[in-house]
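Working notes for the structure below.
The values are calculated or read from the model by the stated rules, or taken from the named source; none is laboratory data. The structure presented is a predicted model; accordingly, all values stated were derived computationally and were not measured. Neighbour counts are summed over all protein chains in view; Cβ atoms, including those assigned to glycine, are modelled from backbone coordinates with ideal geometry.
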């Protein structure tokens, strides 16, 4: 089959090599068929991808106090609300924006002295903080595809939330440095409590949640020539596993960077990071951290390069301050904000933030702003990154990718946020 | 008020070594971003009487805008918390006034402001993995004032190594040309040729330049020859930019000299030479071999180097050289990031502190100074700290004082751990003091010439109007840390020592020609092994046209 | 010069105050006006001063006493390098942040991260002594490089996490995972606790250095030490075995 060139519209209205942000895999081989400005087919897309693209229709409403109006009026209302607010402001970088739009939203937070945060603050802080203590041994996904002869899934079956991870990055071997054939890649599946690894595996191991950190530490202690013994549990299996890990040429440890387990125990991620690092003494190893889609990895990258911090940034004193332990109830509990700007899809707002913003005047600029599941003062619907808006977006492994605009949508989020920025500037904010 | 399109810098003492001007009093005239011979009466003026006027600084080797830098930023919240950078008080409408944080890897806006605040107006990021190039462009978009470009990593690229293995040098050249154009890069960078590929493959004994990579015929020598010839055949303005094998290892002087000799008769730039100029004592310990290296450099006019000076204090080692960073982590126990980058390269990051009382730090400091002080041609031995590897770019003024002021240097020499310094030229006493003209060469005219930037690094008619004006100060470090005026592209960005404007910088990039037929094979390679489609690889929609080659 | 300067809270705190901007180490050299002018931040947004919040008397003095409920005040004693700080009631998070010397005594409870490390920082406190008469929140003494933390009540989870050296003594109960990821350092546990997985039982003995420390605490800081604690036996657990393995949890056998 010959594929149409990227971005081209052949007579059959096919657009090739479209990047899907349905999850963090950011598959870039999606072939979309577009008819009458609607997406009618998404070839190669998984169910999450099909849902991500849908038919490409999004609302294009602009509302103030629930009343339809022109964009200018809405922007004026938003600028008056945010620029005139007496008290702290909150800016949330939600999903489904290009990095260009995220950069502007963060710029607005800087100018207004707001608290800025993103989705990862809710879903992945433990892993980020552990990474800041220890660093990490990682790889881009192609390296796992091309090199990993042992893949260990730690309490995650990617097929559910990252459906094409295995086939694109770690599945049937097609790697440059791997022999062909089904036997050259060993798959180990570790289940922790209800968080099961894949059913198909060369070796399966089940741990109770309270055994998890102990098992990880036990494995690492063995690399250092020590045994912990009595406390670790599942000793025979761990001995076998430690042997397999050190005999492999390149180990990929796959874990879910956005799982509910992250919140239960900050220690498990740190133990995983430490194990992946330590494996680089006897062999080579990388930790593959599965992250969600919607370009939330992009939001983290932008926050990091503009402020030096990946999330939970407070600009109140005129410069970015890192407040990773002032999130959720800690953040909203003590003193209410005066107003908030949600840039991006309001559906991506974590429950805690949504609760924190209840009763506040909120401006939402982003895809489906008018359908926000909470009361909104100013709603401006925009296009979605990678469907209606082209620009920079990120895969879960921090590889930057070129998002395309495939069908026409409502006004651009980037342009709308830029106009908001200019209006705030006119107001001297 | 918008910035004037014309400007006259009046009465300064001009150091413009590229045009043979060494301390002459003359006016510098500027119109529409360029140096011109004359401007009409009534043109706004800058009073530079008694002050020192130089072209804007040009950093030939730094790490400021890349995916790797951002991994480093994310790793170092403690540094950023300790160095807040409030937004500068710019004139209204004079560019984005944004806050940020500093430390060894500052946030992007802060990077731009601080470079400009030092009088530097052009900066090259020395190591960008092609697959991450679009992030470098995005970060440069948020790095105001400075003109920016970058070097693309090719010395461990799987496709390139295959061509080397097959002896397909033309194909390798076409591939290199395509990668530069597709990523918006400026030059070819080689880091530890073959060594990163070896590290990723579990081979840890690649130490000689004639050793083969695994079972292939690829050797570091073959990689170097192929890419050096490619860069020169393509007529790239900057030759190949080489980070040799065995960085930071005692006795690596042998590898470094072997590498230089392997490329004898070819134009080549060797970077952060300090880290590659170590001898080994009979007991296997460290010693300085700066004299051997600089002797070779002095005698070979096609060779150029930047020094990669070590400055005492906090640093962050950040490099595509993954195996070196692993060794540093294993020996220091500091936190460590490693990212293996598919098909292309690696990335390692480890924070590091150079301490006066540490013998190895002191030796590294001395080796760098020896390279500077024994250099016979400042045009080919230029200033860098390999920011932030040997120290932050903010330490350039202190480095300049070390070079210009023997008393200052000797006082510091007395404080450092001298255990490994016995018999070094520096310990024996080097009296040389750099002149202002030599400083102008090693910080702007020389790097610009080595980079082939004909409009940078000088103040002749037609040059970009990037000018720095320093008020004289007996404390040299203070003088160079706080220029009185900085002009970038004709706009006065620093006035009376205060940052007042922050226009966006230009992108310095190339688009060399290649045989388009060669791309068919590249596409097959991407389809077989890549996870980013060939059609999604090239960075599109870049601002600023590519510079002309030739 | 008097022996003690007293800072008395004018009105109960309604909002969180970040006091890590105060030059705590310099306070003992300042007169009342100097102390009053020290900057604090209310709810991160409003610049304020110690003088706005406290009545100050008796300055300058080598010992500083804080009176009033400071459970909403974070960063008390930040950067302390010498001198003595006494807090009569509760304190908020990050007591003794980046502390390198001197003594802090808290008569009430302390919030999270007492003596603990900043995000990304390798080290927590690098010297000095923190005595908490009540209980401490999570991560007390995380990353301690040197120095001593005594918690007479309970300690939250992750006490002494990632210690590099130094000692954390807890007389009440210990939360989950004390000493996880520690390279060296001692955690002494007098109350209920469970050594985490990477700690292994080594021996039961009467550690002589502990005897010295406990006698010192009783004499210098009036920490009540039972005779059995002085003379008794302790189980020693070595760990974290996945790190250097040179740390210990000393578990008192009542």
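Pick from segment A:255-276 the residues that are in a loop (DSSP other than H, G, I, E, B) and over 18 Å from residue A:117 (Cα atoms): which of them is farthest from the other protein chains (Cβ to nearest Cβ)?
Filtering segment A:255-276 for residues that are in a loop (DSSP other than H, G, I, E, B) and over 18 Å from residue A:117 (Cα atoms), the one farthest from the other protein chains (Cβ to nearest Cβ) comes out as A:259.
Here residue A:321 meets each of (1) within 14 Å of chain B (Cβ to nearest Cβ); (2) at positive phi with one exception, condition (2). Within segment A:78-99, the set of residues being buried (at least 20 other Cβ atoms within 10 Å of the Cβ) and part of a helix (DSSP H, G or I) comprises A:78, A:79, A:81, A:82, A:83, A:99. Against the criterion of being within 20 Å of residue B:320 (Cα to Cα) and more than 23 Å from the chain's Cα centre (by Cα), residue B:208 qualifies.
A single member of C:46, C:18 is closer than 20 Å to residue C:98 by Cα and within 14 Å of chain A (Cβ to nearest Cβ), and it is C:18. If you go through segment B:529-550 and keep only what is buried (at least 20 other Cβ atoms within 10 Å of the Cβ) and out of contact with any helix residue (DSSP H, G or I) (no Cβ under 8 Å at 6 or more places or on another chain), you end up with just B:536.
Matching residues to (1) at pLDDT below 95; (2) part of a loop (DSSP other than H, G, I, E, B); (3) closer than 23 Å to residue B:236 by Cβ:
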| site | (1), (2), (3) |
| --- | --- |
| B:165 | no, no, no |
| B:180 | no, no, yes |
| B:188 | no, no, yes |
| B:199 | no, no, no |
| B:208 | yes, yes, no |
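Among A:127, A:60, A:118, which is the only one that is closer than 30 Å to residue A:402 by Cβ, at pLDDT below 95 and in contact with a strand residue (DSSP E or B) (Cβ under 6 Å, 6 or more places away or on another chain)? Just a single option satisfies the conditions, and that option is A:118. Return a yes/no flag: does segment A:199-209 have any residue that is over 24 Å from residue A:274 (Cα atoms), free of Cβ contacts under 8 Å to residues at least 12 places away in the same chain and surrounded by fewer than 18 Cβ atoms within 10 Å (Cβ to Cβ). Taking every residue of segment A:199-209 in turn, none turns out to be over 24 Å from residue A:274 (Cα atoms), free of Cβ contacts under 8 Å to residues at least 12 places away in the same chain and surrounded by fewer than 18 Cβ atoms within 10 Å (Cβ to Cβ). Among the residues of segment B:460-467, none qualifies, meaning not one is surrounded by 19 or more Cβ atoms within 10 Å (Cβ to Cβ) and touching a helix residue (DSSP H, G or I) at 6+ places or on another chain (Cβ under 8 Å). Does segment A:23-48 hold any residues that are part of a loop (DSSP other than H, G, I, E, B), over 17 Å from residue A:159 (Cβ atoms) and in contact with a helix residue (DSSP H, G or I) (Cβ under 7 Å, 6 or more places away or on another chain), and which are they? Selection gives A:28 alone. The set of residues in segment B:67-99 being out of contact with any helix residue (DSSP H, G or I) (no Cβ under 9 Å at 6 or more places or on another chain), assigned to a helix (DSSP H, G or I) and within 7 Å of chain A (Cβ to nearest Cβ) consists of B:81 alone. If you filter segment C:187-203 down to residues that are within 14 Å of chain A (Cβ to nearest Cβ) and touching a helix residue (DSSP H, G or I) at 6+ places or on another chain (Cβ under 8 Å), you find that the one that is surrounded by the most Cβ atoms within 10 Å (Cβ to Cβ) is C:198. For segment B:54-64, the criterion of being within 14 Å of chain A (Cβ to nearest Cβ) and within 19 Å of the chain's Cα centre (by Cα) is met by at least one residue.
Scanning segment A:277-299 for residues that are more than 8 Å from every other protein chain (Cβ to nearest Cβ) and within 21 Å of the chain's Cα centre (by Cα) yields a total of 13.
Of the residues in segment A:70-81, not one is more than 20 Å from the chain's Cα centre (by Cα) and either at pLDDT below 95 or at positive phi (or both). If the condition is being more than 14 Å from chain B (Cβ to nearest Cβ) and touching a residue at least 12 places away in the same chain (Cβ under 8 Å), then segment A:123-161 contributes A:123, A:126, A:151, A:152, A:153, A:154, A:155, A:156, A:157, A:158, A:159, A:161. Applying the condition of being outside any helix (DSSP H, G or I) and surrounded by 24 or more Cβ atoms within 10 Å (Cβ to Cβ) to segment B:100-117 and asking which residue is farthest from the other protein chains (Cβ to nearest Cβ) yields B:104.
Just the residues that are touching a strand residue (DSSP E or B) at 6+ places or on another chain (Cβ under 8 Å) and surrounded by fewer than 24 Cβ atoms within 10 Å (Cβ to Cβ), please, taken from segment B:330-342.
B:332, B:334, B:335, B:336 - these are the residues of segment B:330-342 that are touching a strand residue (DSSP E or B) at 6+ places or on another chain (Cβ under 8 Å) and surrounded by fewer than 24 Cβ atoms within 10 Å (Cβ to Cβ).
Taking first residues from segment A:82-96 that are within 14 Å of chain C (Cβ to nearest Cβ) and partners that are part of a helix (DSSP H, G or I), the Cβ contacts under 6 Å between residues at least 6 apart in sequence or on separate chains come to A:89/A:112.
Within segment A:112-133, one or more residues are surrounded by 22 or more Cβ atoms within 10 Å (Cβ to Cβ), part of a loop (DSSP other than H, G, I, E, B) and within 21 Å of the chain's Cα centre (by Cα).
Taking residue C:59, is it part of a helix (DSSP H, G or I) and either more than 24 Å from residue A:336 (Cβ to Cβ) or within 14 Å of chain A (Cβ to nearest Cβ) (or both)? So residue C:59 does not fit the description; no.
Residue A:407: more than 14 Å from every other protein chain (Cβ to nearest Cβ), under 20 Å from the mean Cα position of the chain (by Cα) and in contact (Cβ under 8 Å) with a residue 12 or more places away in the chain, yes or no? Against the criterion (more than 14 Å from every other protein chain (Cβ to nearest Cβ), under 20 Å from the mean Cα position of the chain (by Cα) and in contact (Cβ under 8 Å) with a residue 12 or more places away in the chain), residue A:407 does not qualify.
Considering (1) more than 30 Å from residue B:452 (Cα to Cα); (2) within 14 Å of another protein chain (Cβ to nearest Cβ), the lone condition that residue B:345 does not fulfil carries the number (1).
The combined condition, being under 12 Å from the mean Cα position of the chain (by Cα), at pLDDT 95 or above and assigned to a loop (DSSP other than H, G, I, E, B), is not fulfilled by residue C:85. For segment C:230-241, check the following and say yes or no: at least one residue is in contact with a strand residue (DSSP E or B) (Cβ under 7 Å, 6 or more places away or on another chain), modelled with pLDDT under 95, surrounded by fewer than 17 Cβ atoms within 10 Å (Cβ to Cβ) and within 14 Å of another protein chain (Cβ to nearest Cβ). No, because not a single residue in segment C:230-241 is in contact with a strand residue (DSSP E or B) (Cβ under 7 Å, 6 or more places away or on another chain), modelled with pLDDT under 95, surrounded by fewer than 17 Cβ atoms within 10 Å (Cβ to Cβ) and within 14 Å of another protein chain (Cβ to nearest Cβ). State whether the residues of segment B:242-258 include one that is more than 30 Å from residue A:175 (Cα to Cα), assigned to a helix (DSSP H, G or I) and within 14 Å of chain A (Cβ to nearest Cβ). No, every residue in segment B:242-258 fails to be more than 30 Å from residue A:175 (Cα to Cα), assigned to a helix (DSSP H, G or I) and within 14 Å of chain A (Cβ to nearest Cβ). Residues that are on the phi > 0 side of the Ramachandran plot and free of Cβ contacts under 8 Å to residues at least 60 places away in the same chain within segment A:298-318 comprise just one, A:308.
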